[in-house]
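Visitor: Sending over a structure as C-alpha cells; questions will come in a sec.
Nothing in this text is a laboratory measurement; each read-out follows from the coordinates by a stated rule. The shown structure was predicted, so the numbers you read here are calculated from the model rather than taken from an experiment. Cβ coordinates were reconstructed from backbone atoms using ideal geometry, including for glycine residues, and neighbour counts include every protein chain displayed.
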Amino acid sequence: MFGAALKAQRFQMLEDIARELAGEIIFPTCFDTVLRLRKILQDPNHSLATIAKALSIEPLISAKLLRMANSVAYNPAGNDVKDLQSAVSRLGLNTVRSASMAIVMTQLLRAKGMAGFSDITQSLWEHSVRTAAAAKVIAKAMTVLNPEEAMLAGLIHDLGAFYMLYRATQYDDLRGRPDSMRYLIINWHESIGVSLLGALGLPEEIVEASVDHDHPRPPPETIRNYTDLIYVANMLGGGHFEWRMQDKPGPDDIVSELEAQYGHLLPEIEQLSAEMHASLS
C-alpha cells in the first residue's frame, strides 16, 4: 500500500509523534464542536455548571482539565480526582474558562488542513459522545464503578484516532491519499492512543480501558472493570472502528448479543446522548 515516499513519511510521522508526546500536546478534534465551545466560553453569563456540561463532550479539553486538577499546584495533598465534574469543581470558574479557551484557540489554529476530513471527525465525535453516554448509564445501572469516571473514559477512548488524523494531515503525501490515512489510523490509533492518554496524565485504569476496545470478542458475562465497560459501551455506541473506516460490516452477532443484554438501557443512553449534544446549544 505504501510506496517509498509514503513509507518515509509514515516513519517520519511516528518519530514526530514520539517526540511530541514528550511535550505539550494540543490538537484539533471536531471543528464544529470546538467552535460552539468557544462561543459558550466567551459568554460571561454562563455558570460553571453550564460550562462543565459543555466541556464534558470535548475529549481533549476534558483530559487536560483532569490533568491540571491533579497537578501539584491544585492538588498539593495528592488526592487525585478521576472525573471531569470533580476536576472542574477543584479548578474553579476562572481557571476552567481561561484554560479551556486557550486550548480551544490553539485547536482552531491547528485545524488548517483538516477541513476535508470533517465527515470523519464529526462521525468520530458522535461515536465518542454516544460511548460516553453508554458507559455512564451502564456503570450506574449495572456496576459499582463510578459513573462520572466511566463517562470520561468513554469520551476519550478514541482520542488517539483524532490525534492520528491530525498528525497524518501534516504530511503532503499522506493528506492526498485518504486510503493510506485510513490505514494508518486503523492500525495505529489504539497503540498511539494509549501512549497519548498516558502522556496526558490520565488515571491508569482509564488508560488501560482504551486498550483493544476495537477488537471484537465475546461480551463479558459481568462487567468487572473499566476495560470491560468501555468495550461494551464502544460496541453499543457504534464502535468496531476498523470495520466502519473500511466500509465493512461489523461483528453483528456480538452487537446483537450486547443489545439483548443491555437493550433495556438503550432509551436512557439515547436520552443522555441527546442531552450531551444539547449542552452546546
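Visitor: Along each of the three principal axes of the Cα atoms of segment 132-281, give the extent in whole Å, ordering the values from largest to smallest.
Guide: Principal-axis extents of segment 132-281 (Cα, largest first): 47, 35, 34 Å.
Visitor: Given an 8 Å cut-off on Cα distances and at least 6 residues of separation, report the relative contact order of segment 4-278 as a percent.
Guide: Averaging sequence separation for qualifying contacts and normalising by length gives 21 percent for segment 4-278.
Visitor: What is the order of His127, His189, His215, fewest Cβ neighbours within 10 Å to most?
Guide: Result, fewest neighbours first: His215, His127, His189.
Visitor: Still on this model: What's the extension gain from Leu21 to Leu108 if we count 0.36 nm per residue and subtract their Cα-Cα distance?
Guide: Net length gain for the segment: 29.3 nm.
Visitor: Follow-up question, since we're still on this one. Cross-chain or 8 or more residues apart, Cα under 28 Å: how many lysine pairs in the chain fit that? Count them up, please.
Guide: Eligible lysine pairs with Cα atoms under 28 Å apart amount to 18.
Visitor: Return the single residue from Pro218, Pro203, Pro59 with maximal mean-square fluctuation; model: Gaussian network over the chain, springs between Cα atoms under 10 Å.
Guide: Ranking Pro218, Pro203, Pro59 by mean-square fluctuation puts Pro218 first.
Visitor: Right, another one. Excluding Cys30 itself, calculate the net charge of residues whose Cβ lies under 14 Å from the Cβ of Cys30, where each Lys or Arg counts +1 and each Asp or Glu counts -1.
Guide: -1
Visitor: Follow-up. Where does segment 102-212 land on Rg(C-alpha)/(2.2 N^0.38 Å)?
Guide: 1.15
Visitor: Among Asp252, Asp80, Asp173, rank each residue by its count of other Cβ atoms within 10 Å, from fewest to most, as a rough exposure measure.
Guide: Lowest to highest Cβ neighbour count: Asp252, Asp80, Asp173.
Visitor: When only alpha-carbon atoms count, how far does the chain stretch along each of its three principal axes, as whole angstroms with the largest first?
Guide: Sorted largest first, the three principal extents are 51, 44, 36 Å.
Visitor: Once you have the Cα-Cα distance between Ala278 and Asn79, take 0.36 nm times their residue separation minus that, and quote the gain in nm to one decimal.
Guide: Extra length from Ala278 to Asn79 when fully extended: 68.4 nm.
Visitor: Could you tell me the calculated FRET efficiency between Ala141 and Glu205, based on Cβ-Cβ distance and R0 = 22 angstrom, to the nearest 0.05?
Guide: After rounding, the FRET efficiency stands at 0.65.
Visitor: Same structure, new question: Largest first, please: the extent of the C-alpha atoms of segment 21-96 along each principal axis, to the nearest Å.
Guide: 36, 32, 17
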